[in-house]
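Chemist: Sharing a structure with you now.
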Amino acid sequence: MAKGFMRRFPPLKILTDEQVEAIHRGTLDVLQETGVLVYNEKALSVFKKAGCDVDFETKRVKFPPGLVEECLRKCPSSFRVKARNPKDDLLIGQDNVLFFNFPGTDTVDLDTWEPRPPTKKEHIDLIRVLDALPNVHFLNAYPYFGFSGGIPEVMKEIEGVALRIRNSTKVTIAIANNDIDMFTIRMARAAGSEIFANPNTSSPLTCYTDQVNACFLAAEYDLPSMIWDGATSGGTAPASLAGAVVLSNAELMPYIVLLQLLKPGARVAVANLVLPQNMTNGAPAFGEIGVSLHNVAFNQVWREYGVPTVSSSCGPTSSKRIDFQLGYQKMMPTLLSALSGSSILQLYSSIYGEITAHPIQAILDDDIAGMIGRFLEGLEVSDESLAIDLINEVGPIPGHYLGKKHTRKWWKKEQFVPKAADRLTYPEWVKTGKKSCIDYAKERMEEILSTHKVDPPLTRSQEEEIERILKEAREYYRKKGMITDVEWESYKKIIGG
Amino acid sequence: MNNEILEGLRKAIKEYDNEKAENLAKRAVEEKLDPLRVLDAMTVAIREVGDAFGRGDLWLPDLVGAADAMQAAMPIIEEEIKRTGAKRESLGTVVAGTVFGDIHSIGKTMVCTLLTAEGFKVHDLGVNIKAEEFLQAIRNYNADILAMSALMTMTAPEQKKVIEQLKKEGLRDKIKIMVGGGAITEEFAKEIGADGYDPTAPGAVKLARKLIGR
């Protein structure tokens, strides 16, 4: 039984077929006319050999439309990803809808709502909560960026992957900056799990070395890839949303082409983190309506291509608190993305942008995911659900349905009962201490943290192998000068070296 | 005639018209206008745009548009200042750049333009600047202010590295340091020992004046 929710009705469309075609033609035109900058010698050679117009001096690559279309056809429309425990294997595509978390650099103080670095325990607590929540189907990179105490910058996510593998059986993602995926991919493999390679685009129209290398690693280790595009519409992409779709598509294509040239049929999903720019302060306008319009159009175009999409912009909001604004800024893009055919929704645990996340928020998001998941399953129309016989039997008042066997069977099927929502009547609410959804989420968090166990834990030999790879990474970055002597001294205290 | 050119330049900046600004700058040179007066006219215009942005009447694309128009005219006027040997009193020398590992330039460039307009001598080193490059420029230009930008959380700590390097080489007390960019907060600026932070470009100009007491 695959994890996730099955969408049982046609996806929402916002574009006509002609408009989809215009976006496609525009994308091919940009790739052929202007092309992209590719700062990676190996990739330049691969593109050259495949018939691209490559200028090795300026690093500019222009793509023949036929090659792009051929590579798109080679992408599988659905695929599986193997987790350490088969219960966490993933099916991506085929109208199956999955959820995962959006990262925060820091945690947030629930009294002052100010960000601060999490402790190691808080970092692990968030991983454990995400591991326990049934609708978190896999884990993003982070969920926090390192923890307090003095981990060198370059080691934060490598240590983070080790924490995730030790505390969760769910598949995770290997970000590509500074070659760290060279180590994290091997760590996942040591634990018997696949991990997503993660090449990210740089807007506008630029591919950097590390990100391109991720494609080579994906081919070498036969891994699925998730390519992110995070253009800001009005800043690094056109302010017009159709233009922003063209630009982000043109940025994703070089990676699609490279992946399919290196390994035809390579598993790949495209992640959409395009956000409008807040024209007052230059920050991304998280959660605003442009996010949803872009997501829905993007989903429709990539559905034509048969490549699964990830709606990455569902999770972050502009709110600093867990409040009304956060609620609508999460719910609206997540629901519209789900309705329009996203295979994966990146919803959980984030509060403000990529800055703050919290396990309480993850628990609240679990209710959003549950509600949307229930909606996607649609409603059954059958003899039994139409219940004509039953309606005739119960008849008018004083007839009722509460005691019927049919009710006992169907209400649970049809209703989704949120776990953290306040659903009490007024008198009940007063009597139980006027609790809010945040109070209920805290209670659920405490329960999870006191009872949840990772299943199965790492074996001793897996643990030793991960420790070996960590050591190797630390030495590698010390030699490269990316861990200074001063940093090493405080880092040693954390790792007990 | 002269006033017509100055008024036109002012308007070109406020209407975000690069071409017009450049052409009028050229005409100003042809008509032998005092380049310092031309610069003043442009500074007034950009300040008006900055103030309107501060009030929330204008938006970022307007601010960048005005800065771009100003930039189109600037090299022509600067060249004329150099040629005529006109003396413009400088508020101070700024070395600016986006830190190593980070290639975001929009905000940094805007701050540089506004600082130039205000009367600072600005050396914009560009993006992806290593600590040693900042240090070398500070020595070469005998800078009063170092302005560093970082957009990404992962590159923000690079600002700290530069400050530590300045301390190591005994230069820290000789210079004021301002930091900015999407990844920076007031708290972070304090933590790494910078002298000031502001989230907006017009705010950065006010900060620069404050830091050097002008």
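Chemist: Would you check which residues across the range A:187-206 are surrounded by 24 or more Cβ atoms within 10 Å (Cβ to Cβ), part of a strand (DSSP E or B) and of a type in the set (Val, Ile, Thr) and list them?
Modeler: A:Ile195
Residue-wise test of (1) part of a loop (DSSP other than H, G, I, E, B); (2) under 30 Å from A:Thr105 (Cα atoms).
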| residue | (1), (2) |
| --- | --- |
| B:Val111 | no, yes |
| B:Val122 | no, no |
| B:Val127 | yes, yes |
| B:Gln165 | no, yes |
| B:Gly170 | yes, no |
| B:Glu187 | no, yes |
| B:Ala194 | yes, yes |
| B:Val205 | no, yes |
| B:Arg209 | no, no |
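Chemist: Give just the number: which of (1) within 11 Å of chain A (Cβ to nearest Cβ); (2) closer than 18 Å to B:Leu125 by Cβ; (3) within 16 Å of the chain's Cα centre (by Cα) does B:Glu158 not satisfy?
Modeler: (3)
Chemist: Ok, one more. Can you find, within the range A:171-186, the residue that is nearest to the other protein chains (Cβ to nearest Cβ) among those that are more than 22 Å from A:Asp89 (Cβ to Cβ) and assigned to a helix (DSSP H, G or I)?
Modeler: A:Asn177
Chemist: Then there's this: Looking at this structure, is A:Ala239 part of a helix (DSSP H, G or I) and in contact (Cβ under 8 Å) with a residue 24 or more places away in the chain?
Modeler: no
Chemist: Of the conditions (1) surrounded by fewer than 23 Cβ atoms within 10 Å (Cβ to Cβ); (2) of a type outside the set (D, E, K, R); (3) away from every other protein chain (no Cβ under 14 Å), A:Asn140 satisfies every one except a single condition; which number is it?
Modeler: The failed condition is (1).
Chemist: I want to confirm something. Restricting to the range A:255-294 and keeping residues that are within 14 Å of chain B (Cβ to nearest Cβ) and more than 16 Å from A:Gly230 (Cα to Cα), which single residue is surrounded by the fewest Cβ atoms within 10 Å (Cβ to Cβ)?
Modeler: A:Asn281
Chemist: Further question: Could you say whether any residue in the range A:423-435 is outside the structural domain of A:Arg321 (by TED's automatic domain parsing) and in contact with a Phe, Trp or Tyr (Cβ under 9 Å, 6 or more places away or on another chain)?
Modeler: no
Chemist: Looking only at the range A:319-330, count every residue that is buried (at least 17 other Cβ atoms within 10 Å of the Cβ) and either touching a residue at least 40 places away in the same chain (Cβ under 8 Å) or part of a loop (DSSP other than H, G, I, E, B) (or both) and tell me the total.
Modeler: Residues flagged as buried (at least 17 other Cβ atoms within 10 Å of the Cβ) and either touching a residue at least 40 places away in the same chain (Cβ under 8 Å) or part of a loop (DSSP other than H, G, I, E, B) (or both) within the range A:319-330 amount to 5.
Chemist: Do you know which residues across the range A:331-371 are within 14 Å of A:Pro143 (Cβ to Cβ), within 14 Å of another protein chain (Cβ to nearest Cβ) and not in a loop (DSSP other than H, G, I, E, B)?
Modeler: Within the range A:331-371, A:Ser350, A:Thr356, A:Ala357 meet the criteria.
Chemist: Name the residue that is surrounded by the fewest Cβ atoms within 10 Å (Cβ to Cβ), counting only residues in the range A:208-227 that are within 14 Å of another protein chain (Cβ to nearest Cβ) and within 21 Å of the chain's Cα centre (by Cα).
Modeler: Only one residue tops the list, namely A:Asp210.
Chemist: On the basis of being hydrophobic (A, V, I, L, M, F, W, C) and either within 13 Å of chain B (Cβ to nearest Cβ) or surrounded by fewer than 24 Cβ atoms within 10 Å (Cβ to Cβ) (or both), does A:Ala237 make the cut?
Modeler: The answer is yes for A:Ala237.
Chemist: OK, next. Pick from A:Asp222, A:Asp229: which is among the acidic types (Asp, Glu), at positive phi and modelled with pLDDT of 95 or more?
Modeler: None of the other options fit; the residue is A:Asp222.
Chemist: Taking the residues in the range B:16-54 that are without any contact (Cβ under 8 Å) to a residue 12 or more places away in the chain and not polar (S, T, N, Q) as candidates, determine which candidate is surrounded by the most Cβ atoms within 10 Å (Cβ to Cβ).
Modeler: Within the range B:16-54, the match that is surrounded by the most Cβ atoms within 10 Å (Cβ to Cβ) is B:Ala52.
Chemist: Out of B:Ala208, B:Ala201, B:Ala194, report the one residue that is away from every other protein chain (no Cβ under 13 Å) and touching a residue at least 60 places away in the same chain (Cβ under 8 Å).
Modeler: So the residue among B:Ala208, B:Ala201, B:Ala194 that is away from every other protein chain (no Cβ under 13 Å) and touching a residue at least 60 places away in the same chain (Cβ under 8 Å) is B:Ala208.
Chemist: Being more than 26 Å from A:Leu336 (Cα to Cα), buried (at least 16 other Cβ atoms within 10 Å of the Cβ) and under 29 Å from the mean Cα position of the chain (by Cα): is that true of A:Ala50 here?
Modeler: no
Chemist: For the range A:439-497, how many residues meet the condition of being hydrophobic (A, V, I, L, M, F, W, C), surrounded by fewer than 17 Cβ atoms within 10 Å (Cβ to Cβ) and within 26 Å of the chain's Cα centre (by Cα)?
Modeler: 1
Chemist: A further question on this structure: Where in the range A:59-170 are there strands (runs of 3 or more DSSP E), lying wholly inside it, with at least 2 residues that are touching a Pro at 6+ places or on another chain (Cβ under 6 Å) and either in the same structural domain as A:Tyr255 (by TED's automatic domain parsing) or under 29 Å from A:Tyr491 (Cα atoms) (or both)?
Modeler: Answer list for the range A:59-170: none.
Chemist: If you check A:Arg25, A:Arg8, A:Arg60, A:Arg84, which single one turns out to be surrounded by fewer than 15 Cβ atoms within 10 Å (Cβ to Cβ), in contact (Cβ under 8 Å) with a residue 12 or more places away in the chain and on the phi < 0 side of the Ramachandran plot?
Modeler: Sole residue among the options that is surrounded by fewer than 15 Cβ atoms within 10 Å (Cβ to Cβ), in contact (Cβ under 8 Å) with a residue 12 or more places away in the chain and on the phi < 0 side of the Ramachandran plot: A:Arg8.
Chemist: Here's something else I'd like to know. So, of the residues in the range A:147-164 that are crowded, with 24+ Cβ neighbours inside 10 Å and touching a helix residue (DSSP H, G or I) at 6+ places or on another chain (Cβ under 6 Å), which turns out to be farthest from the other protein chains (Cβ to nearest Cβ)?
Modeler: Among those that are crowded, with 24+ Cβ neighbours inside 10 Å and touching a helix residue (DSSP H, G or I) at 6+ places or on another chain (Cβ under 6 Å), it is A:Arg164.
The values are calculated or read from the model by the stated rules, or taken from the named source; none is laboratory data. Note that this is a predicted model, so its numbers are computed, not measured. Don't worry about glycine lacking a Cβ; one is built from the backbone with ideal geometry, like all the others, and counts go over all protein chains shown.
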